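Remarks on the structure that follows.
The values are calculated or read from the model by the stated rules, or taken from the named source; none is laboratory data. Every value quoted in this text rests on a predicted model; they were computed, and no experiment measured them. Don't worry about glycine lacking a Cβ; one is built from the backbone with ideal geometry, like all the others, and counts go over all protein chains shown. Surface accessibility is based on the protein's heavy atoms, side chains included, excluding ligands, DNA and RNA. Shrake-Rupley method; radii C 1.70, N 1.55, O 1.52, S 1.80 Å.
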Amino acid sequence: MTQNEAAAEFHAFFERHHAELSRLAYLLTGDADAADDLAADAMVALWHRWDRARRADSAAAYARGIVANLARSRIRSTVRERRRVLLFWSHRPERTDGPDLAAVMDVRAALDTLPFRKRACVVLRYAFDLSEKDTAAALGISVGTVKSQTSKGTAELQRLLGTRAAGELVGGGSR
């Protein structure tokens, strides 16, 4: 394949999948600005590995894996930064309020409470309607881990949102 053919193939892939990858990044991070950056960074990384990605079973799954890894790194970096800020301002008394019940009812807030892997499994399985196998491939984990993390994540969402609201979120039940 010539360089021009590869570039045209990648461009077509970009046009088909960029918005989806941006949406995935948003659902994983909760930050719209970061989502666009992560999707763009994922596309750059994908272009550098395009020969490998296009030979994979699914270039889209390969790209989702890149987005998931970049989102995980972004979240870890944000957590470290927040810890440094908290240490800097630790002389101030910490304020702890009870849970904001209105925010708990918001799906975004409920998703934010899940650890990254549970959130990623739930989002990929239900928001992106991926199979357990495709979710496992995107995250680089086993199908059994996907099943376990999705089940635990769904149970946590049910606890936070109530059974009815969580059922609506995941399409009426487990897959």
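When the residues of region 109-151 are filtered to those that are hydroxyl-bearing (Ser, Thr, Tyr) and more than 18 Å from Asp57 (Cα to Cα), the one that is least open to solvent (accessible area, probe 1.4 Å) is Thr150. For the subset of region 1-28 comprising residues that are crowded, with 17+ Cβ neighbours inside 10 Å and of a type in the set (Ser, Thr, Tyr), which member is farthest from Gly153 (Cα to Cα)? Here the answer is Ser22. Restricting attention to region 121-158, the residues that are hydrophobic (A, V, I, L, M, F, W, C) and outside any helix (DSSP H, G or I) add up to 3. In region 107-135, the residues that are within 13 Å of Gln158 (Cα to Cα) reach residues that are modelled with pLDDT of 90 or more and acidic (Asp, Glu) with C-beta atoms within less than 7 angstrom, at least six apart or across chains, in these pairs: Leu114/Glu156. Within region 29-74, being aromatic (Phe, Trp, Tyr) and either within 10 Å of the chain's Cα centre (by Cα) or open to solvent by 80 Å² or more (accessible area, probe 1.4 Å) (or both) holds for one residue alone: Trp47.
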